[in-house]
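Have a look at the structure below, then the notes.
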Amino acid sequence: MINIKDALQFARAISKQAGNIILRDQKSVGIQGCKDAVDIVTTADLKVEKKLIELIQKKYPNHNINSEEIGIIDKNSDYTWYIDPLDGTKEYYRRIPAFNTSMCLFNKKEPIISTVNIPYSNQLFSAARGIGAFLNGKKMNANMINDLKKSIIYINPPCHNKVSESKFVNNFKIIEKITRKIYRLRYSPNENTFLCFLALGSIEAYLNFSHPLKSVQDGVPGLFIAKMAGAKITTLKGGKIDYSKSKILYIASNSKIHKDILSFFS
């Protein structure tokens with residue numbers, strides 16, 4: 001068994017190192033490859049990934065690692081580090097301040113430690129099972145707003161080239177219903193970042209009902225931080241989330257408006 005407090009401090013420290021590299025290299029960043037016409041891999045992605053893997057293997061040589069670019073390093077361990085070294089690469093390359101480094105450590109099928117570092121704004125979010133959720137080391141909690149009319153909700157916006165036409169239309173019908181009932185609806189595909197803002201109490205909910213997670217690191221670091229801050233996380237039907245699975249859709253809220261949000265999907 002690992003020491004949770006020690007592992008949390010370690011995760012925070014290496015997340016900060018990753019952020020320093022990301023900011024330092026932004027002006028000289030180059031493209032190393034393309035996943036499609038727009039989705040790129042940069043020199044910063046690869047440099048940060050290499051550094052994080054090196055540090056984890058030095059500290060925990062027997063742990064598995066599952067990283068965005070290189071895939072799985074399997075040590076047949078109960079512990080697995082999931083890493084997105086540069087979440088928001090397209091924004092980073094275009095000089096838009098909407099990027100982070102996201103990580104979470106699993107014990108078997110459950111997350112136990114998570115970090116999301118937003119270096120541009122010097123915001124290091126973290127959480128550990130049984131300890132809580134933190135911003136720059138200070139404990140934080142989801143807010144207590146219980147009125148949809150006072151709620152700001154962010155969603156991962158639908159994209160017509162990734163869903164069927166009928167599903168695409170239905171998503172916008174749901175968006176229309178939500179928009180009519182709440183204070184403001186906003187779009188952002190930066191899931192880990194805005195799930196952390198939910199944990200901080202800055203927003204009341206984040207919804208992904210359009211883009212199933214491609215991998216655990218796409219959203220679970222933020223989901224776990226939000227959960228440890230008191231947020232409620234469920235499927236679109238109110239069921240339990242399996243954090244070890246990809247391709248999940250979810251509702252994450254401050255818990256006070258969760259029942260009202262579920263009604264949009266019934």
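The values are calculated or read from the model by the stated rules, or taken from the named source; none is laboratory data. Quick caveat: nothing in here was measured; it's all calculated off a predicted structure. All Cβ positions, glycine included, derive from the backbone under ideal geometry; neighbour counts span all protein chains shown.
Only one of these conditions is not met by residue 59: (1) in contact (Cβ under 8 Å) with a residue 12 or more places away in the chain; (2) farther than 22 Å from residue 129 by Cβ. Which number is it?
Evaluating residue 59 over (1) in contact (Cβ under 8 Å) with a residue 12 or more places away in the chain; (2) farther than 22 Å from residue 129 by Cβ leaves (2) as the failure.
Which is surrounded by fewer than 15 Cβ atoms within 10 Å (Cβ to Cβ), assigned by TED's automatic domain parsing to the domain that holds residue 11 and touching a Ser or Thr at 6+ places or on another chain (Cβ under 8 Å), of 97, 119?
Working: 119 fails: surrounded by fewer than 15 Cβ atoms within 10 Å (Cβ to Cβ).
Exactly one of 97, 119 is surrounded by fewer than 15 Cβ atoms within 10 Å (Cβ to Cβ), assigned by TED's automatic domain parsing to the domain that holds residue 11 and touching a Ser or Thr at 6+ places or on another chain (Cβ under 8 Å), namely 97.
When the residues of the stretch 170-200 are filtered to those that are hydroxyl-bearing (Ser, Thr, Tyr) and within 18 Å of residue 223 (Cβ to Cβ), which remaining residue is modelled with the highest pLDDT?
First, pick out the residues of the stretch 170-200 that are hydroxyl-bearing (Ser, Thr, Tyr): 179, 183, 187-188, 193.
When the remaining residues are screened for being within 18 Å of residue 223 (Cβ to Cβ), the result is 188, 193.
Values: 188: 94, 193: 98.
Filtering the stretch 170-200 for residues that are hydroxyl-bearing (Ser, Thr, Tyr) and within 18 Å of residue 223 (Cβ to Cβ), the one modelled with the highest pLDDT comes out as 193.
If you take the residues in the stretch 67-94 that are out of contact with any helix residue (DSSP H, G or I) (no Cβ under 7 Å at 6 or more places or on another chain) and within 22 Å of residue 193 (Cα to Cα), which one is surrounded by the fewest Cβ atoms within 10 Å (Cβ to Cβ)?
Step by step, filter the stretch 67-94, then rank; the result is 94.
Taking the stretch 205-254, which residues are in a loop (DSSP other than H, G, I, E, B), of a type in the set (Phe, Trp, Tyr) and within 26 Å of residue 135 (Cβ to Cβ)? Break it down stepwise before answering.
Of all residues in the stretch 205-254, those in a loop (DSSP other than H, G, I, E, B) come to 209-215, 219, 229-231, 235-249, 254.
Those still in the list that are of a type in the set (Phe, Trp, Tyr) too: 209, 243.
Result: 243, single match.
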